[in-house]
Amino acid sequence: MQVGFVGLGTMGFPMAGHLARAGFDTVVYNRTETTAARWSAVQRGRVAATPAQAAAGSDVVCVCVGADDDVRSVLLGPDGALGALAPGATIVDHTTTSAELAVEIAARAAEVGVGFVDAPVSGGQAGAEAGRLSVMCGGEVDTVERVRPVLAAYGATITRIGPVGTGQLTKMVNQILVAGAIEGAAEALNFAAAAGLDLDQVLPAVSGGAASSWYLTNRAATMIRDEFDFGFAVDWMRKDLRICLAEAARRGVPVPLTELAEGDLAASQARGDGQLDATAVIRLRRLATAQPATTAQPSATAQPADDTRPADA
């Protein structure tokens, strides 16, 4: 089976590598040619000059790019993959996008006899490199089953949620949960440090009970050491949460914690931390802690502390 893979970023680079090692005839495209060359230097696969070239002759084309407009560009643009696919082929979109985009692309694909699965992933860079991602699929049952062997190259859990769009809606659920976990870890670790606790003792104590989370287990130590030059960037996490907020607003669902998290990510961007791991929001808590403490009973003329979030958060 020939598989085209479009987008060799932090996630796509190792995912495409797993496909090549699994024995698929893998053809990759990346906007930055040097990245594609670096991939081909370590993997058995071919490099295409355009998304259309990666799609030509492919049974499945996987896409893992940045946002809605990026997906439209690589699939529907002048050199887009969709125009080069034969009827019976399938597009699998691993990008985290709006559910509306998934429905839009699926409809365009159906017009030319091409299947579509929206299949955002979770597990981060470590999960992609280990081939242990969770894949959330939206699409027809037979279409998902047709591409399951491809997804199994890098997916530890492959779940069909429902029709097209439900994969992206499930990723929104995932990101809302992640946002809460990051906020909780940042607030708790900052509190522990301010209280003068020995964090080497605190972490095993709280990680062994109901308070444990992936972020507490995998990011607490680096948060404490103020190390953030890895992982899922603030910029991308905020992009994802803005998708969640738009969908929640459309459905009239209150998501106050997600709003708080998105505001913190915006503040981190304003500080110049956009390319750092999203757990860098703990720096905002440290900055707030460094401010003079207010009294338990403020005077009537006292003013609240300045909000660290920008006005449009």
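The values are calculated or read from the model by the stated rules, or taken from the named source; none is laboratory data. The shown structure was predicted, so the numbers you read here are calculated from the model rather than taken from an experiment. Heads up, the Cβs are rebuilt from the backbone with ideal geometry, glycines too, and the neighbour counts pull from every protein chain shown. The accessibility values were calculated without ligands, DNA or RNA, using every heavy atom of the protein model including side chains. Shrake-Rupley method; radii C 1.70, N 1.55, O 1.52, S 1.80 Å.
Structure data summary
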{"quantity": "Solvent exposure, largest accessible area first (probe 1.4 Å, DNA, RNA and ligands not counted), of W39, W236", "calculated": "W236, W39"}
{"quantity": "Size of electric dipole in the range 2-162: Cβ of Lys, Arg +1 and of Asp, Glu -1, about Cα centre, debye, nearest 20", "calculated": "600 debye"}
{"quantity": "Karplus (6.51, -1.76, 1.60) ³J(HN,Hα), θ = phi - 60°, over the range 221-237, in Hz, Gly and Pro reported as x", "calculated": "4, 6, 5, 5, 7, 6, 10, 9, 8, 6, x, 8, 5, 3, 4, 6, 5"}
{"quantity": "All-pairs alpha carbon distance profile, the range 169-290, 5 Å steps from 0, percent", "calculated": "2, 11, 22, 23, 19, 13, 7, 2, 1"}
{"quantity": "Rel. contact order, % - alpha carbon contacts under 8 angstrom, at least six apart, the range 169-290", "calculated": "38 percent"}
{"quantity": "Net charge contributed by nearby residues that have their C-beta within less than 13 Å of G45 (K/R +1, D/E -1)", "calculated": "+3"}
{"quantity": "Quotient of C-alpha Rg and 2.2 N^0.38 Å, computed over the range 20-94", "calculated": "1.05"}
{"quantity": "Rg to Rh quotient for the chain, alpha carbon positions, Kirkwood Rh", "calculated": "1.03"}
{"quantity": "In the range 40-117, trypsin sites (Lys or Arg not before Pro) in a DSSP loop with at most 16 other beta-carbon atoms within 10 Å", "calculated": "R44"}
{"quantity": "Per-residue SASA entry for E33, accessible area with 1.4 Å probe, Å² rounded to 10", "calculated": "150 Å²"}
{"quantity": "Mean residue ellipticity (222 nm) of the chain, computed from DSSP H runs ≥ 4 via -39,500 (n - 2.57), nearest 500", "calculated": "-15500 deg cm²/dmol"}
{"quantity": "Debye log10 I(q)/I(0) for the range 83-197, one point scatterer per Cα, at q = 0.13 Å⁻¹", "calculated": "-0.55"}
{"quantity": "Range of Cα positions in the range 1-63 per principal axis (Å), largest first", "calculated": "25, 23, 17"}
{"quantity": "Relative contact order %, the chain, counting alpha carbon pairs below 8 Å whose residues are six or more apart", "calculated": "12 percent"}
{"quantity": "Loop sites in the range 207-267: trypsin sites (Lys or Arg not before Pro), DSSP, at most 11 other Cβ within 10 Å", "calculated": "R225"}
{"quantity": "Simple Cβ-charge dipole of the chain, Lys/Arg +1 and Asp/Glu -1, about Cα centre, in debye nearest 20", "calculated": "460 debye"}
{"quantity": "Exposure of D79 as accessible area (Å², to 10), given a probe of 1.4 Å and all protein chains", "calculated": "90 Å²"}
{"quantity": "Computed accessible area, I243, all protein chains, 1.4 angstrom probe, square angstrom", "calculated": "30 Å²"}
